[in-house]
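Peer 1: Here it is, the structure in full.
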Amino acid sequence: MSSSKPAPIAIVGGGPCGLTLARLLERAGIDYVVFERDVSPQGTARFQGGTLDLSAEGGQAALNAAGLSAEFEKLARYESSTIFIQDWQGKNQLSEGGGESDRPEIDRLQLRQILLDSIPAHRVRWNKSLSSVERINAKKTQTQSKSSSPADWLLHFNDGSTESGFRLIVGSDGGWSKLRQLITSAKPQYSGKMFIEGCISLDNPEWDAAFKMVGAGNSIAMGNGLSLAVQQMSDRSYRVYMGVEASPEFTRPGGDADVNDMPKARETINRLYSNWAPHLRGFVAGAEGPWRPWLLHRMNQEIYLPDALRNDGKVDEKSWTRTPGVVLLGDAAHVTTPNGEGVNDAMNDAKLLFEHITAELANDAGQVYDAEIDSATLERAIVAYEGQMRPHAYEMIQDSINFEDMMYKEDGPQRMQVLFHSKEEQNEASKKH
């Protein structure tokens, strides 16, 4: 038996789920360190994500567990939870949500700041972009590798530094996670759709029209193979998301909508929306640059199924396997195309993993610390977490596929209304139980 202290938990990625886990560990007095690729806490307002709606059972529940509900309520925009839906001709209009909604909006940067302010500054190491992961003792036999621990892995960062010797390695490093390769070789698949993001600032000629249509909330128009979303931020500017079906090369250098050549990109996108309703075309034409392409990817659902239900029970190179001491959260675990639940699922992952960790550690309370026993304890927690996360990930990816299909179809507004009402009924049913 060893009497040494546990090593810190490494959290790779300082987004909402990584920082939520950090805050929960901070409150529980569990040692940790966050490695974040941003160079500093001062994120830029553009291209850090738009506004997020936090559900009562998702993001809000995680913040409540983290003791941050009061800080959230100071910034939560309940008046922004309305979503205005219409088709590409400006018809079939309907409005969902509103002031009574339990899904208030908050800017992504505001949410990150709440979480950052809740943990000591020294806990986050900035400008740490993970480039690769290496087994320290690569000569271990296959039998030995099955009993590997997080201490066996060396983290390589883009600044040339390396880190190792952790109690647990948590991958919250986004859709292109470098840590995912330790669990599955599967990678996100391009859906064939992308958003091109621009903005409408307060002095933009289209701002008044946006305010008249959207107010403090959100708008989505769809059909004719395209979509268009407009959402207000906390500073009252608007984000514009132009949804197109195109190859990944569409917005790259030389592509028809090369975003490095704004006149060319504008001409192409304006032409695509040329037969849309005039008020919607105005938001496209008025969207300020620089534009950012957001290619929509998702994981293959199959990898989240138990082996017995996938490929006739055969385990292939894209199967989900356990690497002891390594666990994934959020997009690193289950990236989906947008379905309105991404940040809620990610923050719930952090809460769920934390609950399983603390439950298992409580069972071992009073024992002298032993590294092998501790590793086995945390592994039980991870297995329990994945037992809940994986089935949910399967459902969420299917939900995102249905959502992305709806976003570009003529009957999209009607299908979206049915979807909203179905979710409302499910939420009401869950509250009763």
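Peer 1: Would you mind getting me the FRET efficiency between D31 and R135? Use the beta-carbon distance for r and R0 = 30 Å, nearest 0.05.
Peer 2: Details: r = 24 Å, r/R0 = 0.78.
Rounded to the nearest 0.05, the efficiency is 0.80.
Peer 1: If you don't mind, there's one more thing I want to ask. Helix 342-363 sits at what angle to the longest principal axis of the chain, using alpha carbons and giving 0 to 90 degrees rounded to 10?
Peer 2: The angle comes out at about 20 degrees.
Peer 1: Using only Cα atoms, what Kirkwood radius does region 195-254 have, in angstroms? Provide the component values of the computation, followed by the final result.
Peer 2: Numbers: mean 1/r = 0.0804 Å⁻¹.
The answer is 12.4 Å.
Peer 1: Another question, then. Measuring from the lowest to the highest alpha carbon on each principal axis, how far does region 189-298 reach, largest first, in angstroms?
Peer 2: 35, 29, 28
Peer 1: Next question, about the same structure. What order do you get for D117, D102, D173 when you list them from fewest to most C-beta neighbours inside 10 Å? Intermediate results must be reported in sequence, preceding the final value.
Peer 2: Values: D117 12, D102 15, D173 26.
With the fewest neighbours first, D117, D102, D173 line up as D117, D102, D173.
Peer 1: To the nearest 0.05, how large is the calculated FRET efficiency for A277 and E372 if R₀ is 60 Å and r is the Cβ-Cβ distance? Could you put the intermediate results ahead of the total?
Peer 2: Values: r = 66 Å, r/R0 = 1.09.
In this case the efficiency is close to 0.35.
Peer 1: Work out, in µm²/s and without decimals, the Stokes-Einstein translational diffusion coefficient of the chain at 25 °C, 0.890 mPa s, Rh from Kirkwood over C-alpha pairs. If you can, show how the numbers build up before the last one.
Peer 2: Working: Rh = 23.0 Å.
Calculated translational D: 107 µm²/s.
Peer 1: In addition: Extending each Cα 7 Å along its Cβ direction at W176 and S69, get the distance between those two points in nm, one decimal.
Peer 2: The two pseudo-label positions are separated by 3.9 nm.
Peer 1: Here's something else I'd like to know. Could you calculate the contour length gain from S95 to E57, that is, 0.36 nm times the residue separation minus the distance between their Cα atoms, to one decimal place in nm? Kindly include the intermediate steps, with their values, before the conclusion.
Peer 2: On the way: separation 38, 0.36 × 38 = 13.68 nm, distance 2.28 nm.
Here the answer is 11.4 nm.
Peer 1: Also, quick follow-up: For the chain, which span is the longest to avoid every loop-located (per DSSP) member of GluC sites (Glu not before Pro) having at most 12 other Cβ atoms inside 10 Å?
Peer 2: Details: sites that count: E100, E317.
Here the longest segment lacking exposed loop sites spans 101-316.
Peer 1: Pairs of Cα atoms under 8 Å, at least six residues apart: use those to get the relative contact order of region 189-298, whole percent.
Peer 2: Details: 198 pairs, mean separation 41.1, N = 110.
So the answer I get is 37 percent.
Peer 1: Same structure, new question: Relative to the first principal axis of the alpha-carbon coordinates of the chain, what is the inclination of helix 412-432, with its axis defined by its Cα atoms, in degrees from 0 to 90 and to the nearest 10?
Peer 2: 40 degrees
Computed from the coordinates by the stated procedures, all read-outs in this text should not be read as laboratory data. Fair warning: this is a prediction, and the values are worked out from it, not measured in the lab. Here Cβ is always computed from backbone atoms with ideal geometry, including for glycine, and neighbour counts include all displayed protein chains.
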